[in-house]
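Note sheet for the following structure.
The values are calculated or read from the model by the stated rules, or taken from the named source; none is laboratory data. In this text the structure is predicted, and so the values were computed from the model without any measurement. Note that each Cβ is placed from the backbone with ideal geometry, even for glycine, and that neighbours are counted across all protein chains shown. In case anyone asks, the SASA skips ligands and DNA or RNA and just uses the protein heavy atoms, side chains included. Shrake-Rupley method; radii C 1.70, N 1.55, O 1.52, S 1.80 Å.
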Amino acid sequence: MKKRFFGVMLAASLAVSLTACGGKKTSQDNAASTVNKEVTAEEYAGTITSNADVYKQYVTLPDYKGIEVSVDRSSLTVSDDDVESYISKLLSQTATTETVTEGVTASGDTVKLDYSGLLNGEAFSGGTATDASYTIGSGKFITDLDQGLIGLTVGQEYNIPCTFPSDYSSSDLAGKDVIFVVTVKSIQKSTVPDLTDAWVAENASTLGVEATTVAELRSYVKDYLTSQAESTFASDKYQAVYSKLSENLTPSGYPQEELDSLVNTLKSNVESEFNSYGSSYGISDLDSYLSQVYGFESQDAFNDYAVEYAQQYLLEKMVLTLIASNEKITVSADEINDMGAQLADYYGYTNYQEILDNYGNEMNSEVGYEVLYQKVQNFLNDNAVESES
């Protein structure tokens, strides 16, 4: 979980900025500062050059063109089966459920049941429940009980013989033979609708797809999956390219003000998350939150990780900014505003201006770097040499 969380905290996404923008600086505060500044969309391009002038004091770029990487282009192929599988998931999202009190259970059914576990004829601790909800085949019960729930008639009582695994967490039950007295009281039956033009027209808007017929839906899904596959491939290829490039990177240091700002942003986000959600976990102190939710032994361990992560992020930013400066890769105001509009839609804002009103023009620096990141990623990918894996 720790890796997933910190993998998106600062990877040129707006998730960080929309939750906790770091200390804001203006160009008047410190002309040489590389901390994100409050700039207009038109002014952002100038910060690429000024930041590069600072970053080149810390990093000497190795050769970044012609890097050879192994790629698997088979991931770019979207099959008809992929399309149908995706559509099946869409259909499942509109499935209806009803509770039935007759019939026979099957794997995959969600049932309501009463059960009582008996060891040598005596009920054992934790083995009894009333009106429990369980999905057969989920594996949350021990295997013998899970499979023993298949083929039971609703309303009848059954004795299901079971053996607890030898490595079961309770030593009192590990390896023991028991009987579960079970009565299934009802089954939640799910009905998935048929794929028809009428279903597509009725549900397209809710599902976020642009189609009114089955044929249009298949075409839309094919295009969507192809776009997703291309995006994933490009990201994976870039990671391979940057990994090779970074083998020859040895920074002499980091711009301390920007490094401190990144570390503070990480800390602020985690502290804000703890303040918002700690009580829902039943956790009352930050040390426990860091330990139980993210696996850190202490705040000091988290602080060390935050510094290491911020250094890795900042090194990549320095490299990409220097490449952009060398190759005259820039970012226009229109590109920032277009990206801002996409982010506003994703995060539920009316428009990009609402984000700027809430978080200041520092967001133009954030969005500008997101655009720059993607453009330099594309440049490196285009100039890499692929070898088929």
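Using only Cα atoms and rounding to the nearest 10 degrees, what angle (0 to 90) does helix 256-277 make with the longest principal axis of the chain?
Tilt relative to the chain: about 20 degrees.
Between helix 197-207 and the chain, what is the angle of the helix's C-alpha long axis to the longest principal axis, kept within 0 to 90° and rounded to the nearest 10?
That helix lies at roughly 60 degrees to the long axis.
What does the charge add up to near Tyr254, with Lys and Arg as +1, Asp and Glu as -1, over the other residues with Cβ less than 12 Å from its Cβ?
Neighbour charge sum, excluding Tyr254 itself: -4.
Between Lys328 and Tyr281, take the C-beta separation as r, use R0 = 56 Å, and let me know the FRET efficiency to the nearest 0.05.
Between Lys328 and Tyr281 the formula returns 0.70.
Which ³J(HN,Hα) values in Hz, rounded to whole numbers, follow from the phi angles of segment 53-63 under the Karplus curve 6.51 cos²θ - 1.76 cosθ + 1.60, where θ = phi - 60° and Gly and Pro get x?
Residue by residue, segment 53-63 yields 4, 7, 4, 5, 6, 10, 9, 10, 6, x, 4 Hz.
Which trypsin sites (Lys or Arg not before Pro) does segment 285-389 hold that lie in a coil by DSSP with at most 10 other beta carbons within 10 Å?
Lys328
Which whole-number percent gives the relative contact order of the chain, counting Cα pairs below 8 Å spaced six or more residues apart?
29 percent
Could you tell me how many degrees, from 0 to 90 and to the nearest 10, lie between the Cα long axis of helix 80-93 and the main elongation axis, the longest principal axis, of the Cα atoms of the chain?
70 degrees
Take the Cα of Thr183, step 7 Å along the line toward its Cβ, and report every residue of segment 125-154 whose backbone nitrogen sits under 19 Å from that point.
So the set is 127-134, 149-154.
Return the calculated 222 nm mean residue ellipticity for the chain, to the nearest 500 deg cm²/dmol, obtained by summing -39500 (n - 2.57) across DSSP H runs with n ≥ 4 and dividing by the residue count.
So the calculated ellipticity at 222 nm is -16000 deg cm²/dmol.
Go through [x] 21.3; [y] 25.9; [z] 22.4 and flag the label whose value is the computed Kirkwood radius over Cα pairs in Å for this structure.
It is the one labelled [y].
Taking the Cβ of Glu316 as the centre, find all other residues whose Cβ is under 14 Å away and add up their charges (Lys, Arg: +1; Asp, Glu: -1).
Net local charge, Glu316 excluded: -2.
If I stretch the segment between Gln342 and Lys65 completely, what's the gain in nm (0.36 nm per residue apart, minus their alpha carbon distance), one decimal?
96.6 nm
Work out from phi, with θ = phi - 60° and the Karplus expression 6.51 cos²θ - 1.76 cosθ + 1.60, the ³J(HN,Hα) of each residue of segment 32-37, listed in order in whole Hz, and give x for Gly and Pro.
8, 5, 9, 5, 3, 9
Using 31 Å as the Cα-Cα cut-off, could you pick out the over-long pairs in Lys237/Lys328; Lys267/Lys328; Lys222/Lys328; Lys267/Lys375?
Lys267/Lys328; Lys222/Lys328
With a 1.4 Å probe and every protein chain left in place, work out the accessible area per residue of the chain in Å², rounded to a whole number.
With the other protein chains kept in place, the chain gives 53 Å² per residue.
Spelling out what I want: for every residue of segment 69-78, take phi, set θ = phi - 60°, compute 6.51 cos²θ - 1.76 cosθ + 1.60 (Karplus), and round to whole Hz; glycine and proline get x.
My calculation for segment 69-78 gives 9, 8, 10, 10, 7, 5, 5, 7, 7, 10 Hz in order.
Give me the percent of the accessible area of segment 279-389 that comes from carbon and sulfur atoms, probe 1.4 Å, all protein chains in place.
Carbon and sulfur atoms account for 40 percent of the accessible area of segment 279-389.
Could you list the GluC sites (Glu not before Pro) in segment 233-276 that lie in coil according to DSSP, counting only those with at most 15 other Cβ atoms within 10 Å of their Cβ?
Those that pass, being in a loop and sparsely packed, are Glu247.
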